[in-house]
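The values are calculated or read from the model by the stated rules, or taken from the named source; none is laboratory data. Note that this is a predicted model, so its numbers are computed, not measured. Reconstructed Cβ throughout: ideal geometry from the backbone, glycine too, with neighbour counts over all protein chains shown. Protein only, heavy atoms only, side chains kept; ligands, DNA and RNA dropped before computing areas. Shrake-Rupley method; radii C 1.70, N 1.55, O 1.52, S 1.80 Å.
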Amino acid sequence: MTAPHDRIATATTLLFVPGHRPVRFDKAASSGADLVVIDLEDAVAPEDKDRARDNAAAWLALGNQAVVRINPPGTPWSESDLAVAADHGCPVMVPKAEDPKVLTELTARTVGRCALVPLIETALGVGRAREVCATPGVVRAAFGNVDLAAQLGVAHDDHAALTYARSSLVLSSAAAGISPPIDGVTTAVRDGEALGSDIAHARRLGFTGKLCVHPYQLPYVTGGFAPTADELHWARAVLQAGDSVTTVGGQMVDRPVLERARRLLALAARA
C-alpha cells in the first residue's frame, strides 16, 4: 500500500472541517485526528461551493494533507472538486455512493492517484455495498447514518433502526477484502454519553473508526475503539500459550482465535 492508502486503512478518527471556513483547516490538522476531511458537500451552501474549493486547493498547495469530500457525481461542482483532489493526490470521499460504475469512472479520471472512500448513505448504496466495496480504487467505506436515516424516515441515532445497514457494510467490507468501515457521525457534539454509546455499538458490529464533527469527540473515539485492558490481557495469554494450545482459561483456541488475538495487539500498537 502507498502511504495515503495506509493512513485511510488504519485511521480511527476522521475530522470534518467545512471548506468555506479555511481558518479552521490548520486547527483541524493539529487536533490529533488521524485524518482531516475537507468537506465541500453538506457543510457548504451552494453559493459558497466555488470559494470552498478554492480554499481547499490553496491549503493543499502548501503541502498539507487531507481527504476531500467532493459533491456527488452529477452535480454542478463535482468535476471541479475531483480535479482539485487529483491535482494534489488526495483521497476522495464520495457521497451518495451506490454505483460501482461511477466509482470506476472517478478512479479513471484521477488516473488512479486518488484512493476512494465511498460514503454509503442511501438505501440503494446499502443494497449494493458488496459491489461498491469491491470496486478497484476503494480503500475503505464509510457509513452516512444521517442521510440514510432521513431517507428511511427513522432517527439517525436509533441503533436498532440502522443495525442492518451497519452490519451490511461491515460484511461487505470483509467480503471485498478491504479494511473495516468507518462509522457515521454523532451529531450531539459535546454529549460524551451519547458518543460513547454510539462508539460501543459501532465497535461491537465491527467498525474500527468514526467520522467526527468536532475536536471534542476525538479522544472519546480514539479510546473507544482501542482494545480494552481485559482484551489485551486475553490476547497476550492466548499468544503466550503457543499455537498448539487448544484451550486458554477454559475457552477453545483455534486459528481464528489466534488471529483475533494478533489483531487486538496490532491495534493496540498502532494506537
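Points worth noting:
- Of the residues examined, V189 is not one that is outside the structural domain of R140 (by the TED database), of a type in the set (A, V, I, L, M, F, W, C) and open to solvent by less than 60 Å² (accessible area, probe 1.4 Å).
- Within the range 214-250, the set of residues being open to solvent by less than 60 Å² (accessible area, probe 1.4 Å) and within 30 Å of T187 (Cβ to Cβ) comprises H214, Q217, L218, V221, G223, G224, F225, A226, P227, E231.
- Any hit, the range 140-154, residues being part of a strand (DSSP E or B), open to solvent by less than 50 Å² (accessible area, probe 1.4 Å) and either under 22 Å from V44 (Cα atoms) or β-branched (V, I, T) (or both): yes
- Residue that is nearest to P72 (Cα to Cα) [pool: residues in the range 86-113 that are open to solvent by 20 Å² or more (accessible area, probe 1.4 Å) and of a type in the set (A, V, I, L, M, F, W, C)]: V102
- Remark: L211 falls outside the filter, which requires a residue to be out of contact with any strand residue (DSSP E or B) (no Cβ under 6 Å at 6 or more places or on another chain), of a type in the set (A, V, I, L, M) and in contact (Cβ under 8 Å) with a residue 12 or more places away in the chain.
- Checked against (1) touching a Lys or Arg at 6+ places or on another chain (Cβ under 7 Å); (2) surrounded by fewer than 18 Cβ atoms within 10 Å (Cβ to Cβ); (3) not hydroxyl-bearing (S, T, Y), A58 passes all but a single condition, namely (1).
- Any hit, the range 63-76, residues being closer than 20 Å to T13 by Cβ and among the β-branched types (V, I, T): yes
- Within the range 17-42, considering residues that are of a type in the set (A, V, I, L, M, F, W, C) and closer than 20 Å to P180 by Cβ, the one surrounded by the fewest Cβ atoms within 10 Å (Cβ to Cβ): A33
- Qualifying positions in the range 81-105 - in a helix (DSSP H, G or I) and more than 10 Å from V138 (Cβ to Cβ): D81, L82, A83, V84, A85, A86, D87, H88, K101, V102, E105
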